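*Asks:* My structure is below; once you've seen it, I'll send some questions.
The values are calculated or read from the model by the stated rules, or taken from the named source; none is laboratory data. Since the model is a prediction, treat every value here as computed from it, not as a measurement. Please note: Cβ atoms are built from the backbone with ideal geometry, for glycine as well, and neighbour counts cover all protein chains shown. Ligands, DNA and RNA are stripped out before the accessible areas are found, and what is left, the full protein with its side chains, is counted by its heavy atoms. Shrake-Rupley method; radii C 1.70, N 1.55, O 1.52, S 1.80 Å.
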Amino acid sequence: MKLSFPPVFFVNFCFMIFLGVNFGCSDDPDDINGGVINTGQLKTDTLYVSDIKNYRSILDSVTTGGGTRYYLGSSGTYDFKIALRFGIPESLDSVIVKSAYLRMVSAATYGAGTSMNLEIQSIQKFWSIDDLLWDRLSTSDLSAPFNQTAITPTNKDQNLIVPFNRDTIQKWIVGRTETVQNRGILLGFSNATFIQQFYSGRNLTVSGGLTTFDTLHNTSLVVNWERYDREKNEFESKTTYLIPETVIGLNDNDGGYGGYIYRDRSPQSMNTLTVGGGLPYHALLKFDVSKLPSALTVSFAEMLMTIDQSGNYLRNSGDTNVIEAYVLDTDTANWLPSKLVRGPLSNSFDSVHDDTLKIQISSIVQSWASRPSNNFGLVLEDHFEHSSNPFQLYRLKFNYDPVDRERSPKIIIHYTIPPGVQ
């Protein structure tokens, strides 16, 4: 699966490296500093696996609300549910709901299975984006399923139509200003053998210079209703399309509007280097840079990592996955879910090409060498996780072998030091 995103310009005027092609940022140590001649000594050094002091993988806790994709179902050890909440507009006051259905548009399918029972339950407690974790919505927080629909894998951009209980919507309308009546729904599953990815309710489209919600793809609750018009002495019949949104009078953190909930029933060992999309696996590394001179000026530093195919899931050899590196501001003692503190993204994008990651981390290495006390390592994450657009569900694992320094992570550093400094 190929992914793309708009060009990104970095503060050192290097373009992002994408699909293994270097645009405007030379890796030739003789072509550095934009053609400016440095009279210092040009050197090259490599940090190998023996220089790695700490490494770890964690399934970090991140919100999945506000993104442009949802996941539902089960495949392998991955499970997904979806929590949604639909705001009821004032324009629906006094209407009588005749029928309703949930419309979801497929974005992708994962897994080899062919069947799933989609189940809808009412959420019976106030919830927020912080509740988009597997164990936050327990049985006591949910009604019995009021809808069960058998579904099969759906091709991209095809509609899935799920009948919806009209009495539930009628209660939401009657209690429009009483949120106790409308706490949203949970889409769950039983007997699932695949994972279906859907467009969420947050996709946008641009037409004529105007940005609006993408009604062709967004998840929506379609309500057919009628209302008596006293002036005309007749019933009017109309259809309203609701998308997951913040409940009136509440902010995002109080109300939530939708997102997917995930778990890995057999999570990756912390003693690995794993990165994932959809499930937010993060790989953390800390290199010892004490052998580098503190007076150096890094011209170009590149970290190379190779893929361990045995740890891949829902990823084929040759697939493109866009990875980014953040410098860490968190000591290794706090390399734990929800505890990581990241510095800014430091010119560090790349895609996995030919099953090798080559990621430019010059500014990160410079900061480590200049101030060793601030060297807390770096973290590798799926690029689209932080743009709230987890387009691809996958997991990849990098090789780490203390006796195989060529296939294990390494950093090749080209740098200069002032004349006379050894």
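*Asks:* Can you run down the residue pairs with Cβ atoms below 6 Å, 6 or more apart or on separate chains, where the first is in segment 207-218 and surrounded by 10 or more Cβ atoms within 10 Å (Cβ to Cβ) and the partner is assigned to a loop (DSSP other than H, G, I, E, B) and modelled with pLDDT under 85?
*Replies:* That search, which allows pairs on different chains as well, returns 214/203; 217/203; 218/201; 218/203.
*Asks:* Working only within segment 180-201, note down all residues that are aliphatic (A, V, I, L, M) and out of contact with any Gly (no Cβ under 7 Å at 6 or more places or on another chain).
*Replies:* Selection gives 180, 185, 186, 187.
*Asks:* Is at least one residue of segment 392-411 farther than 22 Å from residue 62 by Cβ, part of a strand (DSSP E or B) and among the hydrophobic types (A, V, I, L, M, F, W, C)? Lay out the reasoning, then the answer.
*Replies:* Let us first name the residues in segment 392-411 that are farther than 22 Å from residue 62 by Cβ, namely 399-411.
Those left that are additionally part of a strand (DSSP E or B): 410-411.
Narrowing further to those that are among the hydrophobic types (A, V, I, L, M, F, W, C): 411.
There is at least one residue in segment 392-411 that is farther than 22 Å from residue 62 by Cβ, part of a strand (DSSP E or B) and among the hydrophobic types (A, V, I, L, M, F, W, C).
*Asks:* Out of all the residues in segment 56-73, is one or more outside any strand (DSSP E or B), surrounded by fewer than 20 Cβ atoms within 10 Å (Cβ to Cβ), touching a helix residue (DSSP H, G or I) at 6+ places or on another chain (Cβ under 6 Å) and not small (Gly, Ala, Ser)?
*Replies:* yes
*Asks:* Something else now. Mind listing just one residue for me: the one in segment 380-414 that is among the hydrophobic types (A, V, I, L, M, F, W, C) and within 21 Å of residue 315 (Cα to Cα) and, of those, modelled with the lowest pLDDT?
*Replies:* 391
*Asks:* For residue 320, only one of the following conditions fails: (1) open to solvent by less than 30 Å² (accessible area, probe 1.4 Å); (2) of a type in the set (Val, Ile, Thr); (3) modelled with pLDDT of 90 or more; (4) over 20 Å from residue 62 (Cβ atoms). What is its number?
*Replies:* (3)
*Asks:* Is it true that residue 170 is within 23 Å of residue 277 (Cβ to Cβ), in contact (Cβ under 8 Å) with a residue 40 or more places away in the chain and either open to solvent by 20 Å² or more (accessible area, probe 1.4 Å) or charged (D, E, K, R) (or both)?
*Replies:* Considered against the rule, which asks whether it is within 23 Å of residue 277 (Cβ to Cβ), in contact (Cβ under 8 Å) with a residue 40 or more places away in the chain and either open to solvent by 20 Å² or more (accessible area, probe 1.4 Å) or charged (D, E, K, R) (or both), residue 170 comes out as no.
*Asks:* Now, a different point. Could you go through segment 102-116 and let me know if any residue there is over 17 Å from residue 152 (Cβ atoms), modelled with pLDDT under 95 and open to solvent by less than 20 Å² (accessible area, probe 1.4 Å).
*Replies:* No; the residues of segment 102-116 include none that is over 17 Å from residue 152 (Cβ atoms), modelled with pLDDT under 95 and open to solvent by less than 20 Å² (accessible area, probe 1.4 Å).
*Asks:* Okay, moving on. Would segment 355-364 turn up any residue that is in a loop (DSSP other than H, G, I, E, B), open to solvent by 50 Å² or more (accessible area, probe 1.4 Å), within 23 Å of residue 43 (Cβ to Cβ) and modelled with pLDDT of 90 or more?
*Replies:* Within segment 355-364, none of the residues are in a loop (DSSP other than H, G, I, E, B), open to solvent by 50 Å² or more (accessible area, probe 1.4 Å), within 23 Å of residue 43 (Cβ to Cβ) and modelled with pLDDT of 90 or more.
*Asks:* Look through 120, 88, 82 and report the one residue that is part of a loop (DSSP other than H, G, I, E, B) and at negative phi.
*Replies:* On the way: 120 fails: part of a loop (DSSP other than H, G, I, E, B); 82 fails: part of a loop (DSSP other than H, G, I, E, B).
Result of the check over 120, 88, 82: 88.
*Asks:* Does segment 77-101 hold any residues that are open to solvent by 50 Å² or more (accessible area, probe 1.4 Å) and out of contact with any helix residue (DSSP H, G or I) (no Cβ under 8 Å at 6 or more places or on another chain), and which are they?
*Replies:* Answer for segment 77-101, where residues must be open to solvent by 50 Å² or more (accessible area, probe 1.4 Å) and out of contact with any helix residue (DSSP H, G or I) (no Cβ under 8 Å at 6 or more places or on another chain): 81, 90, 91, 94, 101.
*Asks:* Also, quick follow-up: Among what's in segment 293-313 and is in a loop (DSSP other than H, G, I, E, B) and surrounded by fewer than 22 Cβ atoms within 10 Å (Cβ to Cβ), pick the residue that is modelled with the lowest pLDDT. Walk me through it before giving the result.
*Replies:* Residues of segment 293-313 in a loop (DSSP other than H, G, I, E, B): 293-296, 308, 312.
Cutting the leftovers down to surrounded by fewer than 22 Cβ atoms within 10 Å (Cβ to Cβ) gives us 293-295, 308, 312.
Numbers: 293: 91, 294: 85, 295: 90, 308: 91, 312: 89.
It comes out as 294.
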